[in-house]
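Structure first, commentary second.
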Amino acid sequence: MNMLHDRRQTRIACWRGQSLVEYAVLITVGVAVLLSMQVYMKRGISGRFRAAADSLGGQYAPKETTANFTQTTHGETITASRLLKEQEVAPDIKVDVIDTVTTIKASSSSRTGTESVGPLKKDIWE
């Protein structure tokens with residue numbers, strides 16, 4: 001009986017050891033996957049930062065930037081106003097009110113020109 005009990009204990013210990021090794025292998029594979037993805041994640045984040053910086057506008061260096069731009073804006077609006085006489089705004093207080101409605105039918109804007117940025121020198125910012 002005692003020998004049978006020892007065999008069972010040995011099998012349980014082997015199973016526990018096997019489970020521990022399996023967990024260690026899974027964790028190792030997970031870490032390896034994360035480390036291999038690190039390069040791609042860095043590139044993706046770097047690309048997003050670059051796109052955000054590019055959307056903010058061009059570079060600027062004081063005293064080294066020259067620009068020549070023409071801004072043109074076209075629009076068509078309709079404005080209608082009417083006078084409302086003696087409107088009560090509070091008890092015993094009446095005033096004349098102008099009611100105005102402005103409708104923008106079309107609007108466009110364009111910007112053309114050139115800009116050049118010289119080298120950024122450290123002493124410019126000081």
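The values are calculated or read from the model by the stated rules, or taken from the named source; none is laboratory data. Please read these numbers as outputs of a predicted model, since none were measured by experiment. Backbone-built Cβ (ideal geometry, glycine too); neighbour counts: all protein chains shown.
Just a few scattered comments:
- Criterion: under 36 Å from the mean Cα position of the chain (by Cα), part of a helix (DSSP H, G or I) and at pLDDT 90 or above - qualifying residue of Gly44, Gly30: Gly30
- Verdict on Ala67 being in contact (Cβ under 8 Å) with a residue 24 or more places away in the chain, among the hydrophobic types (A, V, I, L, M, F, W, C) and closer than 30 Å to Thr114 by Cα: yes
- Filtering Gly57, Gly113 for residues that are at pLDDT below 80, loosely packed, with under 10 Cβ neighbours inside 10 Å and on the phi > 0 side of the Ramachandran plot leaves a single hit, Gly57.
- Of all the criteria given as (1) surrounded by 10 or more Cβ atoms within 10 Å (Cβ to Cβ); (2) modelled with pLDDT of 85 or more, the one not satisfied by His74 is (1).
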